[in-house]
Amino acid sequence: MSNIKPTEDKQAERFSSLSRRSFFRGAGACIALPAFESMFALPAMASSGKTAPTRMAFVYVPNGTIPGAWWPTAGGMDFALSPTLAPLAKVKNQVQVISGLTDLSAEAGNDGAGDHARAGGTFLTAVRVKKTAGSDIKAGVSIDQVVAGQIGHLTRFSSLELTCDAVRKAGDCDSGYACAYVYNLSWRSPNQPLSPEHNPRFVFERLFGAGSQRDRIANLKRRQQEQHSILDYVMEDAHRLDGKLDGRDRAKLDQYLTSVREIEQRIETSERLPIRNPAVDSPVGVPDNYSEHIALMFDMLLLAFQTDSTRVATLLLAREGSNRSFNEIGIAEGHHNLTHHKNDPAIIEKVQQIDHWYMQRFANFLEKMQATKDVDGQSLLAHSMIVYGSGNADGNHHTHENLPILLAGGGGGSIKPRGYVQAKAQPLANLFLTMADGMGGQELAAHGDSTGRFSA
């Protein structure tokens, strides 16, 4: 059959750019080093003309913030960091503080109480959620999944969903609203949220495999060799049968070999997107210390971006309405309870401390992103768009206008940081549309309640 290539030709094609043999011979020494990533043809380089892929992530903090401690006092690049934003000093030139963004889908309307559930469920979907505590949940497709649907095939994982909170899938979590709305940021469809992973060990093993770095590389090599030996055997066997079959059997063989070739193409695609195993061991599990848990999840996010395992991610630091205490900074009361401070200065000060504490964790992550070199020598942060924010603005009043939103990173050149941007009132979804434009997928006409692209 003329459409079946000899095994030798297939092997030549597989090894044309970088042989597996050469790859694995040096893997133990170089597989985790960013400098060696230039040996691999990253899909973004071929498909978009960029020197490195662009990444997108959304980091959610619950219960809003204290507005007076969040917003800077003057606009532009020379703005002075507010008390809550002070930890961002080392990455200030890579951050935009954006005012004027709203999430009106989270407003009460005729649905009454439940602002926390609405804030969480609408943050990335930008559509009003159905008030139900049953299984008939309904939201919308979140922007991360819209983008993942366009570019997710370029990486081993189309998206990554993380949380530092528990994972709860059923029950009433806020005044008649299902727990699905507060425990999930990502929605694949209006009825299907994507449950995030809260165990950093499971995240690591999903991305890179179990065991030490040496074990992970050896297991990968064994699997690839087994896959190719099976496929090579099938193709060789087909050659022997080809001249002995009648027309009907030839058609059956063609159909079968088409399936085999599809499997082989998927394997070869996987090899073009190699698992660049980091030179670190897997985390042991979920730490008892909340700060360490957040740090580990940020590390998992950084590794996923650094190894180009995915380009789209979400991280829920805590669910909306979280009433976690912060004994590590001397605050025994629950976060949610404190946000209803009734203008008590002592209570407001405690909420500000919590806001500042969360920002310290985020700033540490951005500093690591800034210090990590991408394949073109620029920082990983320069090729990323990282949103940090909440679907609640003032937790005391459950407002959803003028949300506390940060946008960090340069988006691979698609974003020019402008410091404190005092924008006109517009849906948060407008910003998401602009971010999606920078990811290289098909231009979106709209998302949720958007009214156009972001405009200052």
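Figures for the structure shown
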quantity	calculated
Some residue of the range 408-417 being touching a His at 6+ places or on another chain (Cβ under 8 Å), in a loop (DSSP other than H, G, I, E, B) and within 18 Å of residue 355 (Cβ to Cβ)	no
One residue from 379, 414 being over 12 Å from residue 54 (Cβ atoms) and of a type in the set (Ser, Thr, Tyr)	379
Test: residue in the range 104-123 that is under 19 Å from residue 415 (Cβ atoms), in the same structural domain as residue 381 (by TED's automatic domain parsing) and either among the aliphatic types (A, V, I, L, M) or out of contact with any Phe, Trp or Tyr (no Cβ under 9 Å at 6 or more places or on another chain) (or both)	no
Residue 448 vs. criteria outside the structural domain of residue 370 (by TED's automatic domain parsing), touching a helix residue (DSSP H, G or I) at 6+ places or on another chain (Cβ under 6 Å), touching a residue at least 40 places away in the same chain (Cβ under 8 Å) and crowded, with 23+ Cβ neighbours inside 10 Å	yes
Hey, residue 176 in contact (Cβ under 8 Å) with a residue 40 or more places away in the chain and on the phi > 0 side of the Ramachandran plot or not	yes
Selection within the range 24-74 - at pLDDT 50 or above and surrounded by fewer than 16 Cβ atoms within 10 Å (Cβ to Cβ)	68, 73, 74
Residue list for the range 81-97, restricted to those being closer than 28 Å to residue 128 by Cβ and buried (at least 23 other Cβ atoms within 10 Å of the Cβ)	97
From the options 350, 342, residue that is crowded, with 18+ Cβ neighbours inside 10 Å and among the basic types (Lys, Arg)	350
First in the range 268-294 and at pLDDT below 70, second anywhere and of a type in the set (Ser, Thr, Tyr) and in a loop (DSSP other than H, G, I, E, B), Cβ under 6 Å, 6 or more apart	276/307
Hits in the range 301-334 (condition: in contact with a strand residue (DSSP E or B) (Cβ under 7 Å, 6 or more places away or on another chain) and of a type in the set (S, T, N, Q))	310, 314, 325
Identity of the residue in the range 135-147, out of contact with any Leu (no Cβ under 8 Å at 6 or more places or on another chain) and at pLDDT 95 or above, that ends up surrounded by the fewest Cβ atoms within 10 Å (Cβ to Cβ)	136
Some residue of the range 313-331 being modelled with pLDDT of 95 or more, among the hydrophobic types (A, V, I, L, M, F, W, C), assigned to a loop (DSSP other than H, G, I, E, B) and under 20 Å from the mean Cα position of the chain (by Cα)	yes
Any hit, the range 162-180, residues being in a helix (DSSP H, G or I) and not acidic (Asp, Glu)	yes
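This table checks each residue for (1) more than 19 Å from residue 325 (Cα to Cα); (2) surrounded by fewer than 18 Cβ atoms within 10 Å (Cβ to Cβ); (3) under 19 Å from the mean Cα position of the chain (by Cα).
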residue: 346; (1), (2), (3): no, yes, no
residue: 358; (1), (2), (3): no, no, yes
residue: 361; (1), (2), (3): no, no, yes
residue: 365; (1), (2), (3): yes, no, yes
residue: 369; (1), (2), (3): yes, no, yes
residue: 378; (1), (2), (3): yes, yes, no
residue: 382; (1), (2), (3): yes, no, yes
residue: 387; (1), (2), (3): yes, no, yes
residue: 391; (1), (2), (3): yes, no, yes
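The values are calculated or read from the model by the stated rules, or taken from the named source; none is laboratory data. Keep in mind it's a predicted model, so treat the numbers as computed, not measured. Cβ coordinates were reconstructed from backbone atoms using ideal geometry, including for glycine residues, and neighbour counts include every protein chain displayed.
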